[in-house]
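Comments concern the structure below.
Each reported figure results from applying straightforward, stated rules to the coordinates on display, with no laboratory input. In this text the structure is predicted, and so the values were computed from the model without any measurement. Don't worry about glycine lacking a Cβ; one is built from the backbone with ideal geometry, like all the others, and counts go over all protein chains shown.
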Amino acid sequence: MNLHPSRRSFLSQILAAGVAPCVVPAHVLRAQTAPSNKITLGVLGTGAQGTVDMRAFLNHDDVRVTALCDVNTRNLERAKNHVKERYGSADVKVYKGFRELHRDSSIDAILMALPVHWHSIPATDAVLQGKHIYHEKPMGMSLAESMHVRAAVRKKGVVFQFGTQQRSDLKFRWACELVRNGRLGKMKEIRVGVPGGKKVAAFEEQPLPDFVDWERWVGPAPFTAYSEKKLQRDNHENITNFSLGMISCWGIHHLDIASWGNDTDASGPIHVEGSGEYPDGGGCDAVLSWKLRYEFAKAAPITFVNEGRESISHGTTFEGENGWVHVKRGVIAASSPELLRDPANKAGAMSIKLPESLEHTRNFVDAVKSGGSMKPICDIETAVRSDTLCQLAAVALKAKRALKWDPAAENFGEDSEANALLAARPFRGEWKLPELG
């Protein structure tokens, strides 16, 4: 079934119904200009992160949010209020199921901001329906899931933007350009620190509420009794039924920057090992604290810890033979203040210039509107390579031994035990990764 009707047939249907379209999807009116040539956006997941992202998209005059989808009616009502505040009307379509949202032929793109255990199945489905996708991090619960989404994107050729928005921040680009241009000399080590896990008392089981479809919220994950506390992001991101924990949910941000500065976006480590400590019971069971080490064939090693461990602070620190630079949100610092004051060392002034994006959602919209001539700053290839560092961390902690990684083959070679830990875990009930065909 062709879900993108021709321009003529689409307009004929609209006019026959006696309706004057105020927003026509961009895939129909590619040759026209504003106000009709807008990207129509469906929002899948209207919780905390989805709301932040949606409000960023609402700021773009060439984007129109036309549909919302969530199993939580409280989230939906808040999202509708934001839409009304922006457009003067909350007249948007509301879907409870992602499949129906993705099969709405009037929608060009999907903003997907769901709990981690729900990333890979709807992401693949959206891509196979030809939707461009702004995909919140991390990629999913396993490397196999990440690769499946990547295969779908490669097959359909849609625009995919990963939610590692630090690449659209001047300070992070500046730090990476300093490293890539040799301003610190030969790199010795990269240190990454992110928040650790959390230890909380067990969550008390509660009666099912009327504002959330808990069966659908749990979806492909192992079923667990309802507690409203499990809906909180800082809790479900630390429950292994739903997430890999902070090694992934926070780790992806600063490991992504480490990879950018290390010039390893198209490759990966050859060795990983580490250890971690876990909660002894309670409501959250993801890793509390850890130390991991990645080694590369032709790049600097990365030490990855929960922040504060071994005096490693939050963010990414690049240490070279001639000094260091540290970067986190809102801050860039260096061993020599003169390094940052020198006009010749400013972002964009050095010979190696990294891709520039001033705002992450804007970069995605521009890539969609380019018709394929522009790649987003965090495309699917970059996304999977950066996310692989998180997946390798999870595998190394489970294996409890040093592992050899083949970045070209993207596996552990003949280590069948470690390779088995890369596979997608069994999905519950009806849920499965959509076949690529």
Query raised in the report: Looking at ALA109, GLY140, SER275, which one has the Cα that reaches farthest to the positive end of the dipole of the chain (charges on Cβ: Lys, Arg +1; Asp, Glu -1)?
Result: ALA109
Report summary line: Most packed first (mean Cβ within 10 Å per residue), the peptides 259-268, 417-426, 75-84 order as 259-268, 75-84, 417-426
Report summary line: Measuring from the longest principal axis of the C-alpha atoms of the chain, the long axis of helix 360-369 (C-alpha) lies at a number of degrees, nearest 10, equal to 50
**Report entry** Distant-in-sequence amide H partners of ILE39 (H built 1.01 Å from N, under 5 Å)
**Finding:** VAL63, ARG64
Query - FRET efficiency, GLU321 to GLU295 (Cβ-Cβ, R0 25 Å, nearest 0.05) - result: 0.85
Query raised in the report: Can you work out the FRET efficiency for the pair ALA344 and LEU170, with r the C-beta to C-beta distance and R0 = 22 Å, to the nearest 0.05?
Result: 0.85
Requested in this report: Enumerate the calculated ³J(HN,Hα) couplings along region 128-144 in order (Karplus 6.51 cos²θ - 1.76 cosθ + 1.60, θ = phi - 60°), each rounded to whole Hz, writing x wherever the residue is Gly or Pro.
Outcome: 5, 8, x, 8, 5, 9, 9, 10, 5, 7, x, 5, x, 8, 7, 5, 4
**Report entry** 0 to 90° range, to nearest 10: angle between helix 251-262 axis and the chain longest Cα axis
**Finding:** 70
**Report entry** Exposure proxy ranking, count of Cβ atoms within 10 Å, fewest first, for ASP213, ASP406
**Finding:** ASP406, ASP213
Requested in this report: Apply the Karplus parameterisation 6.51 cos²θ - 1.76 cosθ + 1.60, with θ equal to phi minus 60°, to every residue of region 64-79 and state each ³J(HN,Hα) to the nearest whole Hz, in sequence, with x for glycine and proline.
Outcome: 10, 6, 10, 8, 10, 9, 6, 8, 10, 5, 5, 4, 4, 5, 5, 5
Requested in this report: Using only the alpha-carbon atoms of region 387-437, report the extent along each of the three principal axes, biggest first, to the nearest angstrom.
Outcome: 36, 23, 21
Query - Rel. contact order, % - alpha carbon contacts under 8 angstrom, at least six apart, the chain - result: 19
Query - For q = 0.15, 0.23 Å⁻¹, Debye-computed log10 I/I(0) when each Cα of region 206-327 counts as one equal scatterer - result: -0.80, -1.35
Query raised in the report: Once amide H atoms are built 1.01 Å from N in the peptide plane, which residues 5 or more positions from GLY196, or in another chain, come under 5 Å H to H?
Result: GLU307
Report summary line: Once both label points are put 7 Å beyond Cα along the C-beta direction, the ARG86-HIS271 separation in nm becomes 4.9
Query raised in the report: Any idea what angle helix 48-58 forms with the longest principal axis of the chain, computed on alpha-carbon atoms, 0 to 90 degrees, nearest 10?
Result: 60
Report task. For every other residue with a beta carbon closer than 14 angstrom to the beta carbon of SER142, add +1 if it is Lys or Arg and -1 if Asp or Glu, then tell me the sum. Result -> +1
Query raised in the report: Dividing the Cα convex hull volume of the chain by residue count, how many Å³ per residue is that?
Result: 156
Query raised in the report: Any idea what the dipole of the chain comes to, in debye rounded to 20, about its Cα centre with Lys/Arg Cβ at +1 and Asp/Glu Cβ at -1?
Result: 960
Requested in this report: With springs connecting C-alpha atoms under 10 Å apart, model the chain as a Gaussian network and identify which of GLY274, GLY140, GLY157 has the largest mean-square fluctuation.
Outcome: GLY157
Query raised in the report: What is the diffusion coefficient of region 141-261 in µm²/s, taking the Kirkwood radius over Cα pairs and the Stokes-Einstein relation at 20 °C with a viscosity of 1.002 mPa s?
Result: 121
Report summary line: Once phi for every residue in region 338-352 is put through the Karplus expression 6.51 cos²θ - 1.76 cosθ + 1.60 (θ = phi - 60°), the whole-Hz ³J(HN,Hα) values, with Gly and Pro written as x, are 5, 4, 7, 7, 5, x, 6, 9, 6, 4, x, 9, 8, 5, 8
Requested in this report: State, in angstrom, two size descriptors of region 97-177 derived from its alpha carbons: Rg to one decimal place and Dmax to the nearest whole number.
Outcome: 13.7, 43
Requested in this report: Just subtract the alpha-carbon distance of GLU381 and ALA48 from 0.36 nm times their residue separation and send over the number in nm, one decimal.
Outcome: 117.2 nm
